[in-house]
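Read through the structure below, which is laid out as structure tokens, and then see the notes.
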Amino acid sequence: MFITLISEEDNYCYFGPISLSLYPRLLITRRANKIEECSYLFTNFRFFKMLVFHMKRINMLSLILSTGIIACSYIHIYYSHKLSKLHGLDQLVIALSIYFLIQLWFSGNYLVKGLSFVFLAGSTLLLLNILHNNYADNQLKMYGTKTNAIVTSVKYMSGNKSYPGIIIKFTYTSMGKIYNHSIMDDVEVERRFFAGDTLPIKYSSMDPDLFEEVRN
């Protein structure tokens with residue numbers, strides 16, 4: 001039987017007859033190389049499969065976090081004035097979502113990530129507050145209706161009447177529905193309020209939860 005033998009270690013090539021006793025060893029060597037090659041390919045395939053799964057998971061988490069940011073931004077612009085009991089929760093969700101997005105996609109030390117978070121979260125929340133204020137101003141400008149709200153309670157913030165800060169709670173009616181809100185105010189002699197007093201306000205007839213105090 002003729003076969004070509006190549007030895008990288010001894011740096012020679014031989015073509016000629018070989019003993020049949022050597023042929024099984026060659027087959028074993030070839031099979032071992034094939035098994036090693038298959039094992040290498042299988043390892044790479046497993047690594048590629050894990051990489052694809054990891055990227056899919058990151059993309060899914062990013063999609064969820066981005067959806068949360070968009071939803072909370074919409075709520076903050078158009079409905080945050082209605083959710084007084086959950087005040088600040090939408091902003092907290094937005095800030096946390098931005099933080100986790102930075103952890104998923106940004107590479108770098110803690111300082112770079114921290115500065116990125118402060119810039120992105122701060123600018124996003126600032127922009128949302130500006131948009132909400134613009135929405136409220138446009139509503140009151142286009143659909144503003146003046147009325148006298150009835151003061152229901154006056155609470156001094158520190159429990160001490162000498163402290164320069166009070167919370168005035170009041171109620172008003174729009175289209176047969178009663179709305180209850182409150183404002184914070186400084187203590188002034190000419191602006192002393194008591195339960196039962198009237199408080200001039202202007203509210204939006206399209207969105208009655210939006211209001212502002214009307215001062216003379």
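In this structure, does Leu115 turn out to be modelled with pLDDT of 95 or more and either hydrophobic (A, V, I, L, M, F, W, C) or surrounded by fewer than 11 Cβ atoms within 10 Å (Cβ to Cβ) (or both)?
It is false that Leu115 is modelled with pLDDT of 95 or more and either hydrophobic (A, V, I, L, M, F, W, C) or surrounded by fewer than 11 Cβ atoms within 10 Å (Cβ to Cβ) (or both).
Check whether at least one residue in the stretch 121-137 is out of contact with any Phe, Trp or Tyr (no Cβ under 7 Å at 6 or more places or on another chain), surrounded by 12 or more Cβ atoms within 10 Å (Cβ to Cβ) and farther than 19 Å from Gly68 by Cα, and report yes or no.
Yes, that holds for at least one residue.
Look through the stretch 149-190, keep the residues that are in contact with a Pro (Cβ under 8 Å, 6 or more places away or on another chain) and in a loop (DSSP other than H, G, I, E, B), and return whichever of them is modelled with the lowest pLDDT.
The qualifying residue modelled with the lowest pLDDT is Val187.
What number of residues in the stretch 91-126 are touching a helix residue (DSSP H, G or I) at 6+ places or on another chain (Cβ under 6 Å) and not in a helix (DSSP H, G or I)?
Number satisfying all stated conditions: 1.
Name every residue in the stretch 99-147 that is more than 15 Å from the chain's Cα centre (by Cα) and among the polar types (S, T, N, Q), in order of residue number.
Within the stretch 99-147, Ser107, Asn109, Asn129, Asn133, Asn134, Asn138, Gln139, Thr145, Thr147 qualify.
The values are calculated or read from the model by the stated rules, or taken from the named source; none is laboratory data. Computed from a predicted model, the values in this text were never measured in an experiment. As a convention, Cβ positions derive from the backbone with ideal geometry for all residues, glycine included, and neighbour counts pool all protein chains shown.
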